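Novice: Below is the structure I would like to discuss, written out as structure tokens.
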Amino acid sequence: MNHAAADLPILIGAALLLLSLFASKLGGRLGIPGLLLFMLVGMLAGSEGPGGIDFENYRVTQTVGIVTLAFILYSGGLETNWAQTRPVLKLGLALATLGVLITSALVGAAAHLLLHLNWATALLLGAVVSSTDASAIFSVMREQALGLKGRLKPLLEFESGINDPMAVFLVVGLTELLSHPAQAWYTVVPLFFQQMLIGAALGLLLGRLGVRLINVINLPFEGLYSVLSVALVGVIYGLSAVLGGSGFLAVYVAGVVLGNSNFVHKRTLRLWHDGLTYLLEIGMFLVLGLLVFPSQLLKVALPALLIALFLMLVARPVAVYLSLALSPMRLRGKSMLAWVGLRGAVPIILATYPLLAHLEGAATIFNVAFFIVLTSVLIQGTSLPLVARWLRVDTEWQGETAPPLTYSPGGAGRTNLTEIVVPAGSAVAGKRIVELAFPLEVLFVLIYRGQEHVVPRGSTRLEEGDAVQVLGPPELIEDVRARVNGTGQTV
């Protein structure tokens, strides 16, 4: 029996994944972002590269992109520390709404002048590239072990997680208006509030129901909880989208709810989603690399490069400074936010919407969006550590470490073993545990300090960067976390 029709694509897909992993390893040593190398591997394997793989299915690309983005946002929500995010909530919302609108308008104006597109199509291009990409930003920061001081990291996490729904709404709305020229522009405004309100409400509700379901379902094998988690993401996104809400906002909000709640096998599920996100991210960039035709990129190279530079040097900084005009954040912090706005897979996924709608100029939008992503990852991605040092906002990367102790709480969640990292500038840094008068019901079990394990005593002083494992009732642990995270910094 001939299985070649199925066997060969499996072999090619696995080989491309391995090549991407090796490329990522090499890129880390050379200081080149892995995302850029993933795309290059895809381009080399494509129809105009040595691989010669003929792939031009935009609908499949869009479907794969939507699934990938949903899981990336959900995983980002799981990793979001609400205690650290709450102080930057208003700033993040301003960047995710006003900032995206300003970026879209400015880039649209540049596209109108440089590409001679009509205003509606030019603004659509601006909307396509208007949002930052969480996976791109933190992949680069993780590869280069770059940490950011104060509230910059949680603000970046929140902004990049919540600005995608705004960009999706703008792209879908403008695509609808261009497809139906007689339709008035203001008819899409109520749709925005509908999508955001329904998405946020369902995300909050289904996130809480998800916590309860995971705790009470009592599945026979631990591995089945991963299947349950995948099903939850699909239900949350699908139900919100079917009911007229933003599925992307719903999965992000649900992820935040679960990430800041106590449920069985929490650490296992977080690590599993982290690995799944890596796989989907690599696959997405490989597909995007396969989809592009380098010869078509060359035709728009000069205006696309000018638009990319305008986005990096003018549009994004203006959007950040105007959105945060009333914020007490220092200029160097705002400047770092302005430079760290990398574009990733999202703009290329959004560029498939006008292509599938057969809009005039859609091919130009796709090629320019791809060029902008390529330029952003290459220029901004490689220069982040240098800019952070120049602005004096860099610090040691506080990546999650494997805890020396693990603990699975019962479904009732009466006690929980939680890791709390002491951030830079924390009010508790340098103080002895006994001086802090934490609740007696909370037990400090172990401190992971660098490569050293410290058994805490009352006289032990907490230091910045300490990963402290505490055991106790969830509500009291959250009180401890809030005190530890109180930095008061405005970097």
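The values are calculated or read from the model by the stated rules, or taken from the named source; none is laboratory data. Source: prediction; values computed, not measured. In this analysis, Cβ positions are derived from the backbone assuming ideal geometry, glycine residues included, and neighbour counts consider all displayed protein chains.
Novice: Out of LEU113, LEU152, report the one residue that is at pLDDT below 90 and either under 20 Å from the mean Cα position of the chain (by Cα) or surrounded by fewer than 19 Cβ atoms within 10 Å (Cβ to Cβ) (or both).
Specialist: Going through LEU113, LEU152 in turn, just one is at pLDDT below 90 and either under 20 Å from the mean Cα position of the chain (by Cα) or surrounded by fewer than 19 Cβ atoms within 10 Å (Cβ to Cβ) (or both): LEU152.
Novice: Also, quick follow-up: Counting just the residues of the range 421-440 that are free of Cβ contacts under 8 Å to residues at least 40 places away in the same chain and assigned to a helix (DSSP H, G or I), which one comes out surrounded by the fewest Cβ atoms within 10 Å (Cβ to Cβ)?
Specialist: Residue satisfying both the conditions and the ranking: VAL434.
Novice: May I pose another question? Give the residues of the range 423-461 that are over 19 Å from ILE477 (Cβ atoms) and basic (Lys, Arg), sorted by residue number.
Specialist: ARG432, ARG449, ARG457, ARG461
Novice: Out of (1) modelled with pLDDT under 75; (2) over 20 Å from GLY147 (Cα atoms), the odd one out for ALA437 is which?
Specialist: All conditions are met except number (1).
Novice: Could you please tell me which pairs satisfy a Cβ distance under 7 Å, a separation of 6+ or placement on different chains, a first residue in the range 116-132 that is under 10 Å from VAL171 (Cα atoms) and not assigned by TED's automatic domain parsing to the domain that holds MET312, and a second residue that is modelled with pLDDT of 95 or more and among the basic types (Lys, Arg)?
Specialist: Final answer for the pair search is none.
Novice: Taking the stated definitions as given, is LEU359 touching a residue at least 24 places away in the same chain (Cβ under 8 Å) and touching a helix residue (DSSP H, G or I) at 6+ places or on another chain (Cβ under 9 Å)?
Specialist: Yes, satisfied.
Novice: If you go through the range 292-306 one residue at a time, do you hit one that is more than 27 Å from LEU117 (Cβ to Cβ) and either in contact with a Gly (Cβ under 8 Å, 6 or more places away or on another chain) or crowded, with 19+ Cβ neighbours inside 10 Å (or both)?
Specialist: Let us first name the residues in the range 292-306 that are more than 27 Å from LEU117 (Cβ to Cβ), namely none.
Scanning the range 292-306, I find no residue that is more than 27 Å from LEU117 (Cβ to Cβ) and either in contact with a Gly (Cβ under 8 Å, 6 or more places away or on another chain) or crowded, with 19+ Cβ neighbours inside 10 Å (or both), so the answer is no.
Novice: Does the range 137-144 contain at least one residue that is of a type outside the set (A, V, I, L, M), within 23 Å of ALA315 (Cβ to Cβ) and at pLDDT 80 or above?
Specialist: no
Novice: For the range 1-30, what are the residues that are modelled with pLDDT under 65 and within 27 Å of the chain's Cα centre (by Cα)?
Specialist: Hits for the range 1-30 are GLY27, GLY28, ARG29, LEU30.
Novice: Would the range 334-346 turn up any residue that is closer than 18 Å to THR63 by Cβ and β-branched (Val, Ile, Thr)?
Specialist: yes
Novice: Could you list, in sequence order, the residues of the range 167-184 that are farther than 24 Å from LEU69 by Cα, touching a residue at least 24 places away in the same chain (Cβ under 8 Å) and polar (S, T, N, Q)? Even if it seems obvious, please write down each step before you answer.
Specialist: Going residue by residue through the range 167-184, those that are farther than 24 Å from LEU69 by Cα are 177-184.
In the following step, the residues that additionally are touching a residue at least 24 places away in the same chain (Cβ under 8 Å) were identified as 177-179.
Within the range 167-184, just SER179 meets the criteria.
Novice: Collect the residues in the range 233-287 that are of a type in the set (Ser, Thr, Tyr) and either modelled with pLDDT of 90 or more or surrounded by 24 or more Cβ atoms within 10 Å (Cβ to Cβ) (or both), keeping them in residue-number order.
Specialist: Matches in the range 233-287: TYR237, SER240, SER246, TYR252.
Novice: Please work out which one of (1) modelled with pLDDT under 70; (2) surrounded by fewer than 21 Cβ atoms within 10 Å (Cβ to Cβ) is the condition PRO33 fails and give its number.
Specialist: So PRO33 meets the others, but not (2).
Novice: Residue under question is SER75, and the condition is that it be modelled with pLDDT under 75, within 25 Å of the chain's Cα centre (by Cα) and under 30 Å from ALA254 (Cβ atoms); does it hold? Break it down stepwise before answering.
Specialist: Numbers: modelled with pLDDT under 75: no; within 25 Å of the chain's Cα centre (by Cα): yes; under 30 Å from ALA254 (Cβ atoms): yes.
So SER75 does not fit the description; no.
Novice: Working carefully through the options ARG208, ARG212, find the one that is assigned by TED's automatic domain parsing to the domain that holds ILE348, over 25 Å from ALA134 (Cα atoms), charged (D, E, K, R) and modelled with pLDDT of 85 or more. Give the derivation first.
Specialist: Values: ARG208 fails: over 25 Å from ALA134 (Cα atoms).
Step by step, each of ARG208, ARG212 is checked, and only ARG212 is assigned by TED's automatic domain parsing to the domain that holds ILE348, over 25 Å from ALA134 (Cα atoms), charged (D, E, K, R) and modelled with pLDDT of 85 or more.
Novice: Related question: Yes or no: VAL107 modelled with pLDDT of 95 or more, assigned to a helix (DSSP H, G or I) and either more than 14 Å from the chain's Cα centre (by Cα) or crowded, with 24+ Cβ neighbours inside 10 Å (or both)? Even if it seems obvious, please write down each step before you answer.
Specialist: Numbers: modelled with pLDDT of 95 or more: yes; assigned to a helix (DSSP H, G or I): yes; either more than 14 Å from the chain's Cα centre (by Cα) or crowded, with 24+ Cβ neighbours inside 10 Å (or both): yes.
When the stated conditions are applied, VAL107 passes them.
Novice: Okay, moving on. What's the number of the condition GLY344 fails, among (1) touching a residue at least 40 places away in the same chain (Cβ under 8 Å); (2) surrounded by fewer than 20 Cβ atoms within 10 Å (Cβ to Cβ)?
Specialist: (2)
Novice: What are the residue pairs meeting all of these: first residue in the range 457-469, first residue surrounded by 18 or more Cβ atoms within 10 Å (Cβ to Cβ), second residue modelled with pLDDT of 85 or more and in a strand (DSSP E or B), Cβ atoms under 6 Å, and 6 or more apart or on different chains?
Specialist: Going by the 6 Å Cβ cut-off, the qualifying pairs are ASP466/ILE447; VAL468/ILE447; GLN469/VAL445; GLN469/LEU446.
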